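Enquirer: This is the structure I have questions about; it appears just below.
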Amino acid sequence: MLAIEGLDVRHGQLVAVRDVSFSLEQGEILALVGANGAGKTTLLRAIAGAHAPSMGRILLGGEDVTLLPADRRVAAGLALVPEGRRLFADMTVEENLLLGASAGRPGDWTLARIFEAFPILVKRRGAKASSLSGGEQQATAIGRALMSNPNVILLDEVSLGLAPLAVRQVYASLHRLLASGATILLVEQDLTRAMSVASRVACMSEGRIVLDRPIAAVTRDEITDAYFGLNKAGGGNQAAAC
Amino acid sequence: MLNQLIQGILLGGYYALIAIGLSFMFSVMRVINLAHGSLLIVAAYALWFLADTYGVNPFLGLLIVLPLMAGIGWALQRFLLERSARGGSLLPILTTFGLAIVVDNLMFQRFGADTRSLAPFIGDLSWSSFELPGGLFVGKLSVLIFLTAILLVGGLQSLLKFTPLGRAIRATAQDPDTARLVGIDAARASAAAAAIALVTIGIAGAFLGMRGVFDAYAGAPQLLFAFEAAVIGGTGSLWGTLIGGIFLALAQSFGAMVHPQGFLIGGHLAFLAALFYRHFVARQLVADWLRSRARRPA
């Protein structure tokens, strides 16, 4: 569904993502974990088209989308829920959701179904996005991405800055999406949550993917070691595995 | 007194009409278009040319000139403003300033120094009037201009609020990067916004030519009035622009009552007063209002 080949992304002199390759099959849920500054958000933004890679290719459903602008990638079936939500603050919840349908892709997701999936938004439909709580904002951001009827959804830190209750609400709504067979790439700081929803986990450190395995074949400790880059210092079997 | 009030309000409609394009471009594209006045004159000359050479009624001429203006707007955004915006926020202002000089002088070269008017081509509309009870007379053209301004503001607001294109234009104005990420072709939305702005300039240019005379360098004073109306009304608010135009015209009328040469001074004083008011007083009022809103339970 989505394939990344040898991707390098730079911020000026800094190489934020180095030689990253992986692929996602239809219906797979990949959790991407890693410390702050490991390159997760940059990788997602590069896949979505907000940041041009300096090397490598991005394939969506077999088509090379590396040179397409972001809006054409949405039309091709890719949607990003950006870090920090990035809602249009002066516009209402409903307007934000309708904007998600700008690419005009046909599919199951309509305004009515979004409100069904995120009941907390029903009462807030006419409210300005800037007046929403964090949880409501996140639900709107996810709903806005779903309105484009994507084949692949990139979720960047959906629980960042939310109260625990709001995180539970957002994930409760997400579970229906996860169960629907969508292909998802998820960046999540909370390892327990990431492991509970994902079918596969990848760990990034200093711009590289240092571990990429199915959830069933990986332990929490292995992920933690990769997360902190211990494999480099510690050596041994784990280093070979990562 | 009542007469002055009514005439002032109608004149305000005209100021609002010539300011709408400027206000629209600033609010949705964050561009201060200093070529605004010159483009008004371009539309007026185009209509005059059609009327003078081919005998086309200026109202019918709009059918030709408005699509032309839309095309100019689209090209302006695609080839000038979009490129200059990459060089920082100051560059588009300088670009439009340069454009104004080029356009003014091209028109001077083509049409010379004679003043022109569209009034001879619209029958008795430019001088006939309605009589109101109480022996007051209002010009038919002034009433038409006022109604056009209201219709145009209402139409643009509805377009921005209720159509997918309007939402795309607003989203692009707020945050072009995120607009692209939700699937909006930001360059197309901006070009459409510029085309719409130039159509309103085309309509305003037609009425400018009908209610008076113009020459190649008549754009700058028009830009000044449009700018004052837009700023008094609160830049970025189209209904505010209508109010701003009326406020400016009333201030000018009262200035003229006080002193024969007080017309312009009155307008400029109103402009400065509005500026100071907004800077020192309104800021405090808005802060208070936001605080009281924040306290109210959601």
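The values are calculated or read from the model by the stated rules, or taken from the named source; none is laboratory data. Just so it is clear, the model here is predicted, and its values are computed rather than measured. As a convention, Cβ positions derive from the backbone with ideal geometry for all residues, glycine included, and neighbour counts pool all protein chains shown.
Enquirer: Pick from the range B:165-184 the residues that are crowded, with 21+ Cβ neighbours inside 10 Å and free of Cβ contacts under 8 Å to residues at least 12 places away in the same chain: which of them is farthest from the other protein chains (Cβ to nearest Cβ)?
Expert: Ranking the qualifying residues of the range B:165-184, first place goes to B:Gly166.
Enquirer: Please find, among A:Ala46, A:Ala31, the residue that is buried (at least 24 other Cβ atoms within 10 Å of the Cβ), within 14 Å of another protein chain (Cβ to nearest Cβ), under 19 Å from A:Asp212 (Cβ atoms) and under 15 Å from the mean Cα position of the chain (by Cα).
Expert: Numbers: A:Ala31 fails: within 14 Å of another protein chain (Cβ to nearest Cβ).
From the options A:Ala46, A:Ala31, the qualifying one is A:Ala46.
Enquirer: Given the conditions (1) crowded, with 22+ Cβ neighbours inside 10 Å; (2) more than 14 Å from every other protein chain (Cβ to nearest Cβ); (3) touching a Phe, Trp or Tyr at 6+ places or on another chain (Cβ under 6 Å), and given that A:Val187 satisfies all but one, which numbered condition is not satisfied?
Expert: Going through (1) crowded, with 22+ Cβ neighbours inside 10 Å; (2) more than 14 Å from every other protein chain (Cβ to nearest Cβ); (3) touching a Phe, Trp or Tyr at 6+ places or on another chain (Cβ under 6 Å) one by one, A:Val187 breaks only (3).
Enquirer: Then there's this: Looking at A:Asn237 and the list (1) more than 14 Å from chain B (Cβ to nearest Cβ); (2) at pLDDT 85 or above, which single condition is not satisfied?
Expert: The number of the failed condition is (2).
Enquirer: For the subset of the range A:102-114 comprising residues that are more than 8 Å from chain B (Cβ to nearest Cβ), part of a helix (DSSP H, G or I) and in contact (Cβ under 8 Å) with a residue 12 or more places away in the chain, which member is nearest to B:Ala168 (Cα to Cα)?
Expert: Only one residue tops the list, namely A:Leu111.
Enquirer: Identify all residues within the range A:179-203 that are in a helix (DSSP H, G or I), touching a residue at least 12 places away in the same chain (Cβ under 8 Å) and either of a type in the set (S, T, N, Q) or closer than 22 Å to A:Gly84 by Cβ (or both); write none if there are none. Walk me through how you get there before you give the answer.
Expert: To start, the set of residues in the range A:179-203 that are in a helix (DSSP H, G or I) comprises A:179, A:191-197.
Remaining after also requiring touching a residue at least 12 places away in the same chain (Cβ under 8 Å): A:191, A:193-195, A:197.
Matches in the range A:179-203: A:Leu191, A:Arg193, A:Ala194, A:Val197.
Enquirer: Let me ask something else. Quick check on this structure: which one of A:Ser148, A:Ser130 is under 30 Å from A:Arg72 (Cβ atoms) and in a helix (DSSP H, G or I)? Steps first, please.
Expert: On the way: A:Ser148 fails: in a helix (DSSP H, G or I).
On inspection, the qualifying residue turns out to be A:Ser130.
Enquirer: So B:Ala216 ticks every box in (1) surrounded by 14 or more Cβ atoms within 10 Å (Cβ to Cβ); (2) away from chain A (no Cβ under 14 Å); (3) in a helix (DSSP H, G or I) but one. Which box is left unticked?
Expert: (3)
Enquirer: When you go through B:Phe137, B:Phe111 one by one, which is the residue that is touching a Ser or Thr at 6+ places or on another chain (Cβ under 6 Å) and surrounded by 12 or more Cβ atoms within 10 Å (Cβ to Cβ)?
Expert: Details: B:Phe111 fails: touching a Ser or Thr at 6+ places or on another chain (Cβ under 6 Å).
Being touching a Ser or Thr at 6+ places or on another chain (Cβ under 6 Å) and surrounded by 12 or more Cβ atoms within 10 Å (Cβ to Cβ) holds for just one of B:Phe137, B:Phe111, which is B:Phe137.
Enquirer: Name the single residue that is farthest from A:Phe115 (Cα to Cα) among those in the range A:208-221 being in contact (Cβ under 8 Å) with a residue 40 or more places away in the chain and out of contact with any Ser or Thr (no Cβ under 8 Å at 6 or more places or on another chain).
Expert: Among them, the one singled out is A:Arg208.
Enquirer: Restricting to the range B:124-158, what's the tally of residues that are among the hydrophobic types (A, V, I, L, M, F, W, C) and either part of a strand (DSSP E or B) or within 14 Å of chain A (Cβ to nearest Cβ) (or both)?
Expert: Taking the range B:124-158 as the starting set, the residues that turn out to be among the hydrophobic types (A, V, I, L, M, F, W, C) are B:125, B:127, B:130, B:132, B:136-138, B:141, B:143-147, B:149-153, B:156.
Now narrow it down to the ones that are either part of a strand (DSSP E or B) or within 14 Å of chain A (Cβ to nearest Cβ) (or both): B:130, B:132, B:136-138.
Result for the range B:124-158: 5.
Enquirer: Determine, yes or no, whether B:Ile243 is more than 16 Å from B:Ile201 (Cα to Cα), within 16 Å of the chain's Cα centre (by Cα) and among the β-branched types (Val, Ile, Thr). Before you say what the answer is, go through the steps one by one.
Expert: Numbers: more than 16 Å from B:Ile201 (Cα to Cα): yes; within 16 Å of the chain's Cα centre (by Cα): yes; among the β-branched types (Val, Ile, Thr): yes.
Yes, satisfied.
Enquirer: Which residue pairs have Cβ atoms closer than 8 Å, lie 6 or more positions apart in sequence or on different chains, and pair a first residue in the range A:74-100 that is more than 7 Å from chain B (Cβ to nearest Cβ) and polar (S, T, N, Q) with a second residue that is buried (at least 22 other Cβ atoms within 10 Å of the Cβ) and not in a helix (DSSP H, G or I)?
Expert: Listed pairs, sorted by first residue: A:Asn96/A:Leu87; A:Asn96/A:Phe88.
Enquirer: When you scan the range A:62-84, do you find a residue that is among the β-branched types (Val, Ile, Thr), part of a strand (DSSP E or B) and closer than 18 Å to A:Leu185 by Cβ, even just one?
Expert: Restricting attention to the range A:62-84, the residues satisfying the condition of being among the β-branched types (Val, Ile, Thr) are A:65-66, A:74, A:81.
With part of a strand (DSSP E or B) added as a condition, the list becomes A:81.
So of that shortlist, the ones also closer than 18 Å to A:Leu185 by Cβ come out as A:81.
The answer is yes; a qualifying residue exists.
Residues checked against (1) of a type in the set (A, V, I, L, M, F, W, C); (2) part of a helix (DSSP H, G or I); (3) touching a Gly at 6+ places or on another chain (Cβ under 7 Å); (4) modelled with pLDDT of 95 or more:
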position: B:Ala204; (1), (2), (3), (4): yes, yes, yes, yes
position: B:Gln222; (1), (2), (3), (4): no, yes, yes, no
position: B:Trp239; (1), (2), (3), (4): yes, yes, no, no
position: B:Ser253; (1), (2), (3), (4): no, yes, yes, no
position: B:Ala256; (1), (2), (3), (4): yes, yes, yes, no
position: B:Ala270; (1), (2), (3), (4): yes, yes, no, no
position: B:Val281; (1), (2), (3), (4): yes, yes, no, no
position: B:Arg291; (1), (2), (3), (4): no, yes, no, no
